[in-house]
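Some notes on the structure that comes next.
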Amino acid sequence: MEFMDIDSLLSTAFDGPALLGVLAVLALIDSTSFGTLLIPVWLLLAPGRLRPGRMLVYLGTITAFYAAVGIMIALGATFFTDAIAAFFASPVARWLQLLLGAGMLVFSFTMDTGKKGGDGESPRSGRLARWRARAMGVQDAGEQPASNAPSGGATTATRAALAPLMMLALTAALIEVASMLPYLAGIGLISASDVGWPGSAGLIVGYCIVMVLPALVLLVARIVALKHVEPLLQRINAWITKNAASSTAWIVGIVGFLLARDAATALGLFDALNTLR
C-alpha cells in the first residue's frame, strides 16, 4: 500500500530466507515499542522476587492480540486487495491522506516533550509501584507469605492480579497498533509472498513472538542474574521514559510529512505549482 511511502519495500519480492530476514528486522524494530518493551521493563523493575508467569501472561496477551489483528488484516489484504488499492488511489482518499498527514505534522510540533516532574516520588507513582508489586506477585518488605490461606482464596487473588495485567496489555496494544508501521509493512510483505495459508498465519505469529523476544530475554536475565541486570533495566527504563515523548513527536511528524508528500505527488499538486512559475 503505497500511501505510507513504504512502497519501495513492499514492491520488492522477498522469498525464503530473505523474507524471514526482513520480517525479523521489522519485528525487532517493533519490539522497542511502548507495549512490548517499556511496560515490560517497568514491570520487571518491581523489587523482590517476581513470578515469571505474571510476565508471561502480559506478553502472551499482547502477542495474541497482535497476531489476531495481523491475521485479520492479512485476510482482508488477500481477499480485498483490488478494492483497497482502488480506494486509496481515489482522489477522495488522497485528499483525506493529505489532510491527515498535514494534521499529524502540525500536531507533532504541539506535543509537549520538555516538561518533567520533580525528583520526589508522587503519591500516584507510589500507588503505581504498589499495584505493580501486587500484579507481579512481589511481596512487600517484611510481608510473610500467607501459607495458611485457603486455596480458593489464593486462586481468586491470582485471577484478580492477572486480569489487570491482561487489560494493561490490551490497552497498550490498542493504543499503539495503528502506529506499528513495521508490523503493517511486514503483513504487506507476507500477503504479497507466495506462502499461502496457513503459512502466512504462522509467519504472523512468529513475527509477534519475535516482537516480545527482547522482553523475554530481559525476563530470563531478571530471574537468573538480578544483581547484574537490574542496573541495565534501570538505564533502559530511564532512557525510554526520557525519550519516549520526543521520539513519538519525531515519528508522528515524519509519518505525517511522508503521508502529505505522497498524497500531494499523487494529486499532482507539485506539478501544478511548477506550471504556475
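Bear in mind that the values in this text are calculations on the coordinates, not laboratory data. All values reported here derive from a predicted model rather than from experimental measurement. A quick note on method: Cβ atoms are made from the backbone with ideal geometry, for glycine too, and the neighbour counts reach across all protein chains shown.
Structure notes:
- Going from the residue with the fewest nearby Cβ atoms within 10 Å to the one with the most, T36, T110, T63 rank T110, T63, T36.
- Sorted by Cβ density within 10 Å, fewest first, the residues W42, W197, W250: W197, W250, W42
- Once the chain from W250 to V106 is taken as fully extended at 0.36 nm per residue, the excess over their C-alpha distance is 50.7 nm.
- Modelled FRET efficiency - R0 35 Å, A68 with F270, Cβ distances, 0.05 increments: 0.30
- Between amide H atoms placed 1.01 Å from N, distances below 5 Å from V195 occur with no residue 5 or more places distant or on a separate chain.
- Shown for V212, V41, V177, V224: other C-beta atoms within 10 Å of each C-beta, ranked fewest to most, produce the order V224, V177, V41, V212.
- Model label sites at L56 and M166, defined 7 Å from Cα along the beta-carbon direction, differ in position by 1.6 nm.
- Between L20 and F87, full extension at 0.36 nm per residue minus the direct alpha carbon distance yields a gain of 21.1 nm.
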